[in-house]
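Quick notes on the structure that follows.
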Amino acid sequence: MADRVTVIGWDGSPLTATARSALGAATLVAGAAHHLALPEVPPAAERIRLGSVALAARRIAGHRGTAVVLADGDPGFFGVVRTLRNPEFGLEVEVVPAVSPVATAFARAGMPWDDAQVVVAHRRTLRRAVNVCRAHAKVAVLTSPGAGPAELGLLLDGVHRTFVICEELGTEREQITVLTSDKAADRIWRDPNVVIVIGGPAASGDGGWIAGRDPAAGPRGWALPTEAYGHRATEYAEGETELLRAAQLARLGPRVGDLVWDIGCGSGAFATDAARSGAAVIAVDRNVEACARTDFAARRFGVQLQIVRGEAPHILEDLPEPDVVRVGGGGAAVVSAVADRRPQRIVTHAATRDAAELIGRDLTEHGYDVECALLQSVEMDTRAWTEKERSVAFLLSGVLPDRAP
């Protein structure tokens, strides 16, 4: 096992005295090509070109001597430290940090970043990273080959965002480019790069108390009363009662990185609540007034969502793949079309048992595990404790076993 392992962050600035001392004593140095070319690397040291960090860690664990690992930026922030500290390697690690590329990117852009989401985009996580960009007003994306600015722009089709693309930060070839997301695919970008994705007005005030998205923003609770969304009760369709919306949210469980379809968005209350959870939302309705109400509700709560006007199921063909879907209108035909797209979860409601059985059988034939509950709610006037309004609906939900949870 290596006698000592020091991880040195490098951001293009001259190495600190601590970093130079550790590097000068190293008998093994691991890093990218530009790290291994640094003049401070001892000529006699064994050199490992850093590709797989796990493979390098095994080499280091078997080395008799002093090892140094060089990494860009802060190696403890989405960096090599996590892998090197895996118990299977048995390494004792010391870290000499540098400025992270995210902090550098925002500094170059002259923007605060305590209110930003930070995501890593690989080929396997690209879709979820894009969903975060859909849902949040300020996101920093640490990219990788095959999951860079061009791919982000292509997957954000239909959603306007501004990109601040920071290439090769800390090097002589550093370049900052500002453009709209639809133009990002027209160019070839140099790795490594960081993309700041902006999609809304800048936050005002003192910056809050927690980094990223403030979980306490907006009123407390979900499936709020009608008035909270800025609508009158008469603007709500049957099947949009508070308790039914609450049950639908609970069955779908939208979360950060998800894409939610809300088909037949009506008042926009469900779509807004789903967006408040941090998920990306596409709200669909054929009615122009419903689309306007949804836009109003989203603006009232300060959430980002995409509104698509059109008739389901045909309008769904060109939408990006969903994780969870609420079908608020359209019946069995729309539910069947949604099931063809294989989202992880589907929730809908029916007014009669016959309609519920038809939808349930179709979901079962598509391979979903189906649950159905008869929900009855009675709203009481607490001044006289008399009944004000009664609603009844069959709540159906389907979970695709091979995509759970």
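Open to solvent by 10 Å² or more (accessible area, probe 1.4 Å) and touching a Leu at 6+ places or on another chain (Cβ under 7 Å): does that describe ALA247? Judged against the criteria, ALA247 is a match.
Of all residues in segment 370-386, which are modelled with pLDDT of 95 or more and either in contact with a Gly (Cβ under 7 Å, 6 or more places away or on another chain) or among the hydroxyl-bearing types (Ser, Thr, Tyr) (or both)? Answer for segment 370-386, where residues must be modelled with pLDDT of 95 or more and either in contact with a Gly (Cβ under 7 Å, 6 or more places away or on another chain) or among the hydroxyl-bearing types (Ser, Thr, Tyr) (or both): VAL370, CYS372.
Kindly indicate the residue of segment 186-217 that is surrounded by 16 or more Cβ atoms within 10 Å (Cβ to Cβ) and not hydrophobic (A, V, I, L, M, F, W, C) and also modelled with the lowest pLDDT among those meeting that condition. Among them, the one singled out is ARG213.
Tell me whether segment 149-167 contains one or more residues that are outside any loop (DSSP other than H, G, I, E, B), aliphatic (A, V, I, L, M), out of contact with any strand residue (DSSP E or B) (no Cβ under 8 Å at 6 or more places or on another chain) and open to solvent by less than 70 Å² (accessible area, probe 1.4 Å). Checking segment 149-167: at least one residue is outside any loop (DSSP other than H, G, I, E, B), aliphatic (A, V, I, L, M), out of contact with any strand residue (DSSP E or B) (no Cβ under 8 Å at 6 or more places or on another chain) and open to solvent by less than 70 Å² (accessible area, probe 1.4 Å).
Scanning segment 373-391 for residues that are loosely packed, with under 12 Cβ neighbours inside 10 Å and within 30 Å of GLY331 (Cβ to Cβ) turns up LEU374, GLN376, VAL378, GLU387, LYS388, GLU389, ARG390. Between residues in segment 262-277 that are under 18 Å from ALA312 (Cα atoms) and residues that are of a type in the set (Lys, Arg) and outside any helix (DSSP H, G or I), which pairs lie under 8 Å by C-beta distance while being six or more apart or on different chains? Short answer, once both residue conditions are applied: ASP262/ARG326; ILE263/ARG326; PHE270/ARG326. For segment 306-327, how many residues are within 15 Å of ARG251 (Cβ to Cβ) and out of contact with any strand residue (DSSP E or B) (no Cβ under 6 Å at 6 or more places or on another chain)? Result for segment 306-327: 0. Residues considered: ALA67, ALA98, ALA56. Of these, the only one that is crowded, with 21+ Cβ neighbours inside 10 Å, touching a helix residue (DSSP H, G or I) at 6+ places or on another chain (Cβ under 9 Å) and in a strand (DSSP E or B) is ALA67. Scanning segment 35-49 for any residue that is out of contact with any Lys or Arg (no Cβ under 7 Å at 6 or more places or on another chain), over 30 Å from GLY200 (Cβ atoms), at pLDDT below 95 and acidic (Asp, Glu) turns up nothing.
The values are calculated or read from the model by the stated rules, or taken from the named source; none is laboratory data. All figures in this text were calculated on a predicted structure; none of them were measured in a lab. Ideal geometry is used to build each Cβ from the backbone, glycine not excepted, and the neighbour counts take in all protein chains shown. Protein only, heavy atoms only, side chains kept; ligands, DNA and RNA dropped before computing areas. Shrake-Rupley method; radii C 1.70, N 1.55, O 1.52, S 1.80 Å.
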